[in-house]
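Chemist: There's a structure below that I have some questions on.
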Amino acid sequence: MPEPLVARSALRAHVAPVVTASVEPGVTLRERSGLTLATVSALGGRDAELADAVRSAFGLELPTTPKRVAAGEAAFVWAGPGKWLATSTGAADFASLPAGVSDQSDGRTVLSVSGPLARETLATLIAVDLHPRAFAAGDVALTHAASIAVHLWRVDDEAAFELAVFRSYAATLWRWLVHAGAARNIDARLDG
Amino acid sequence: MRIACPHCGTRGLDEFAYLGDATVVRPDPSAENAETAFVEYVYLRDNPAGRHRELWSHALGCQSWLVVTRDVRTHAIESVENARDVATARDQGAGQ
């Protein structure tokens with residue numbers, strides 16, 4: 001009998017939890033599990049049609065600059081000219097959009113980095129200025145963290161960031177972040 | 001050197017990959033002197049000490065192709081354009 005396919009975290013087999021005892025964590029690292037992810041690429045000359053479809057299906061204005069827009073379960077993260085990463089905490093249907101849509105739910109891992117020292121921790125790995133003056137809520141950057149390509153966005157005005165990374169790099173990036181947070185009382189845990 | 005990507009903003013050289021001379025144009029393969037023209041197109045490059053137009057890719061960023069005009073002696077960057085816009089303008093006869 002064939003083994004049923006089960007979605008598994010890219011991290012579970014590779015990382016041990018790091019929990020700082022009895023002190024307030026400076027930075028908290030978690031995996032955003034159970035997300036639906038898809039890359040959405042506008043078809044040649046059909047950008048306006050895609051923007052209309054996203055507006056009517058999700059009530060969102062597709063950003064054309066490095067921004068993230070979110071409403072309810074769904075969000076669209078700018079990923080380059082004419083490209084977006086669509087995310088949903090539910091089971092959103094991105095496949096019906098008039099665009100090149102490729103499911104990435106098992107292809108990328110999304111990490112959440114938050115807490116008062118989150119920016120300081122990320123700054124040890126990322127050269128982009130993450131000060132709220134330069135990188136506000138909803139801002140997006142495509143860059144690298146310790147030479148690993150990352151898709152980074154600021155979730156809100158609090159120090160809360162999310163990073164999407166190719167699945168096979170997730171464990172390495174996790175270890176880099178744990179190392180960077182070691183002197184900042186990091187609390188890094190996989191749920192469940 | 002820092003390159004001002006028209007999409008992402010100014011980023012360090014570590015995010016970019018150099019992809020060659022942006023001034024060469026693929027010759028017409030059906031032309032009579034195509035063989036000579038292709039030898040020049042594939043192998044022969046000017047090596048100017050000064051202003052140069054180069055193709056760069058924002059490889060660890062938005063993955064756009066860019067045409068960077070810079071002085072190779074001082075690394076001073078004159079302009080950064082979308083390679084697609086440059087090619088479109090050239091195809092329409094606007095030239096460089």
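Chemist: In this structure, is B:Ala49 of a type in the set (A, V, I, L, M), surrounded by fewer than 16 Cβ atoms within 10 Å (Cβ to Cβ) and in a helix (DSSP H, G or I)? Give the steps one after another, and end with the answer.
Modeler: Values: of a type in the set (A, V, I, L, M): yes; surrounded by fewer than 16 Cβ atoms within 10 Å (Cβ to Cβ): yes; in a helix (DSSP H, G or I): no.
Considered against the rule, which asks whether it is of a type in the set (A, V, I, L, M), surrounded by fewer than 16 Cβ atoms within 10 Å (Cβ to Cβ) and in a helix (DSSP H, G or I), B:Ala49 comes out as no.
Chemist: Going through A:Val128, A:Val165, A:Val140, A:Val150 one at a time, which residue ends up being buried (at least 20 other Cβ atoms within 10 Å of the Cβ), in contact with a helix residue (DSSP H, G or I) (Cβ under 6 Å, 6 or more places away or on another chain) and within 14 Å of chain B (Cβ to nearest Cβ)?
Modeler: A:Val165
Chemist: When the residues of the range B:1-46 are filtered to those that are β-branched (Val, Ile, Thr) and in a strand (DSSP E or B), which remaining residue is nearest to the other protein chains (Cβ to nearest Cβ)?
Modeler: B:Thr10
Chemist: A further question on this structure: Considering B:Leu60, B:Leu66, which residue is in contact (Cβ under 8 Å) with a residue 60 or more places away in the chain and within 14 Å of another protein chain (Cβ to nearest Cβ)? Don't jump to the end; show me each part of the working.
Modeler: Details: B:Leu60 fails: in contact (Cβ under 8 Å) with a residue 60 or more places away in the chain.
One residue alone meets the criteria, B:Leu66.
Chemist: Related question: Name the residues in the range B:3-52 that are within 27 Å of A:Thr64 (Cα to Cα), out of contact with any His (no Cβ under 9 Å at 6 or more places or on another chain) and not aliphatic (A, V, I, L, M), would you? Outline the logic, then answer.
Modeler: So in the range B:3-52, the residues within 27 Å of A:Thr64 (Cα to Cα) come out as B:3-19, B:22.
With the extra rule that they be out of contact with any His (no Cβ under 9 Å at 6 or more places or on another chain), the set shrinks to B:4, B:6, B:9-10, B:12-13, B:18-19.
Correct list: B:Pro6, B:Gly9, B:Thr10, B:Gly12, B:Tyr18.
Chemist: Quick check on my filter: what residues within the range A:166-185 are more than 19 Å from the chain's Cα centre (by Cα) and outside any helix (DSSP H, G or I)?
Modeler: Result: A:Asn185, single match.
Chemist: Somewhere in the range A:49-58, is a residue basic (Lys, Arg) and either over 23 Å from A:Asp93 (Cα atoms) or touching a residue at least 40 places away in the same chain (Cβ under 8 Å) (or both)?
Modeler: Checked the range A:49-58: no residue is basic (Lys, Arg) and either over 23 Å from A:Asp93 (Cα atoms) or touching a residue at least 40 places away in the same chain (Cβ under 8 Å) (or both).
Chemist: For a quick check of your reading of the model, give me the residue pairs whose first member lies in the range A:128-148 and is touching a residue at least 40 places away in the same chain (Cβ under 8 Å) and farther than 19 Å from B:Ser57 by Cβ, whose second is among the β-branched types (Val, Ile, Thr) and surrounded by 18 or more Cβ atoms within 10 Å (Cβ to Cβ), with beta-carbon atoms closer than 8 Å and at least 6 apart or on different chains.
Modeler: A:Gly138/A:Val69; A:Val140/A:Val77
Chemist: State which residue is nearest to the other protein chains (Cβ to nearest Cβ) when the search covers only the range A:84-100 and only residues that are over 14 Å from A:Leu35 (Cα atoms) and surrounded by fewer than 18 Cβ atoms within 10 Å (Cβ to Cβ).
Modeler: My answer is A:Gly100.
The numbers here are math on the coordinates, done by the rules we state, and not lab data. Everything numeric in this text was worked out from a predicted model, so none of it was measured. Methodologically, a virtual Cβ is constructed for each residue, glycine included, from the backbone with ideal geometry; neighbour enumeration extends over all protein chains shown.
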